[in-house]
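Colleague: What follows is a structure written as structure tokens; I'll ask about it next.
The values are calculated or read from the model by the stated rules, or taken from the named source; none is laboratory data. Source: prediction; values computed, not measured. Neighbour counts are summed over all protein chains in view; Cβ atoms, including those assigned to glycine, are modelled from backbone coordinates with ideal geometry.
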């Protein structure tokens, strides 16, 4: 990955900051509601060497912490950074001129998903679990067990009495232990003559039946 120049980092940081200003009530630059307009206004302030115009783009909360005089003094001290930022803004590629809309959602099972907007659609860019490997019956069964163990069952547990919840948990763990132990035995999985169906017998007449599909093996019966 190519690291951005200091000027570009400054431009992007300022672009993000003034983009956030657009969403704040009572922001100073009421004529610059969109991130693009704020970026262009800041680029114009850089080109004119106009700290007053740049200061007017700051949110009231920022202005309350930094006076116009302090901002102007910092502006003058950072002349080299401003020149680099102005050059990077002028050379900004067309595909980067539109603002990037991003977000994060935190789910009850602990999953943290990172989202972005592309072509008007919301897309998950990170946080999704990897797809389970179901290339064999054994892998499909193990994926099923892992999925159940990792499921968020808070809503179900909330309606169960403590005794029943404990009994169900114990029964499930006992069954899973029997399944996992059976999977370790060679030849435990029985295949049909055409190798399209499979069955794992694991405890006192209990079994798991599976069927092969184009996208992998799937469980058709769980006893």
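Yes or no, residue by residue, for (1) in contact (Cβ under 8 Å) with a residue 60 or more places away in the chain; (2) in a loop (DSSP other than H, G, I, E, B):
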site	(1), (2)
172	no, no
180	no, no
187	no, yes
194	no, yes
200	yes, no
210	yes, no
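Colleague: Only one of these is out of contact with any helix residue (DSSP H, G or I) (no Cβ under 8 Å at 6 or more places or on another chain), within 19 Å of residue 218 (Cβ to Cβ) and either at pLDDT 85 or above or surrounded by 14 or more Cβ atoms within 10 Å (Cβ to Cβ) (or both): 198, 143, 138, 181. Name it.
Modeller: 143
Colleague: What pairs come up if the first residue lies in region 44-68 and is on the phi > 0 side of the Ramachandran plot, the second is surrounded by fewer than 13 Cβ atoms within 10 Å (Cβ to Cβ) and in a loop (DSSP other than H, G, I, E, B), and their beta carbons are under 6 Å apart, counting only those six or more places apart or on different chains?
Modeller: none
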